[in-house]
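Structure record follows, encoded as structure tokens.
What follows draws every value from the coordinates through simple rules; no lab data is involved. Please read all numbers here as calculations on a predicted model, not as lab measurements. Cβ atoms come from the backbone with ideal geometry, glycine included; neighbour counts cover every protein chain shown.
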Amino acid sequence: MVRLFVGVELPEDVRERLVSLCAGVPGARWVPPENLHLTLRFIGEVAGGEADDIYHALAQVRPRIFNLTLSGVGHFETGGEVRQLWVGVERNAELMALRGRVESALVRIGVEPEKRRFMPHVTLARLKDTPVHRVSSFLAHHSLFRAGPITIDHFTLFSSFLQSSGSIYTAEAEYLLQPATV
């Protein structure tokens, strides 16, 4: 069994800018720079044969190269407690189309459809017992964050190995996007 997800890797300079945000919040477990990415689709645990099917299905997804811009910060709550801090993504039709094509390719080979609405973001930290006023301060201080435009020329199938110290992500396959038409 292997745990898989599909994501968009970020260039090193963008990851460095994101890391510069990662401070000042008690109880935050900051995402390591090498793990900062934008998830297109979490797949979960799959057996070897299904992983091969996923690999081949994603190879059929061939949208065009596009740009996106990271913008603003936010948070996710569970049960009234803030659990994650993230950087958002400006509205982007090409990103939504890529996500839709990935979803369709996976569903066609029998992967269960995603039930949650896609909200593109880059997770910065997971939180536990963080004072609300510190989260509010972080959000206010970084609300004008922007990075981009960032050229997206591929997407990646990642495996994820969970450890007590955090996840280890490994790029299993990269899928190149088509050049923009002249």
| query | So what is log10(I(q)/I(0)) for segment 1-88 at q = 0.10, 0.21 1/Å, when the Debye sum runs over its Cα atoms only? | reply | -0.37, -1.16
| note | For Rg and Dmax of the Cα atoms in Å the list reads (i) 20.1, 65; (ii) 15.6, 44; (iii) 16.7, 52; the calculated value is entry (iii)
| task | Place a +1 charge on the Cβ of each Lys and Arg in the chain and a -1 charge on the Cβ of each Asp and Glu, then give the dipole magnitude about the Cα centre in debye, rounded to the nearest 20. | result | 560
| message | What's the whole-number percent of alpha carbon pairs in segment 37-130 lying beyond 17 angstrom? | response | 59
| request: Quick one: order T156, T39, T181, T170 by neighbouring beta-carbon count within 10 Å, fewest to most. | output: T181, T170, T39, T156
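Using helices alone, I'd like the mean residue ellipticity at 222 nm for the chain: each DSSP H run of four-plus residues gives -39500 (n - 2.57), total over residue count, nearest 500.
When only DSSP H runs of four or more count, the value is -7500 deg cm²/dmol.
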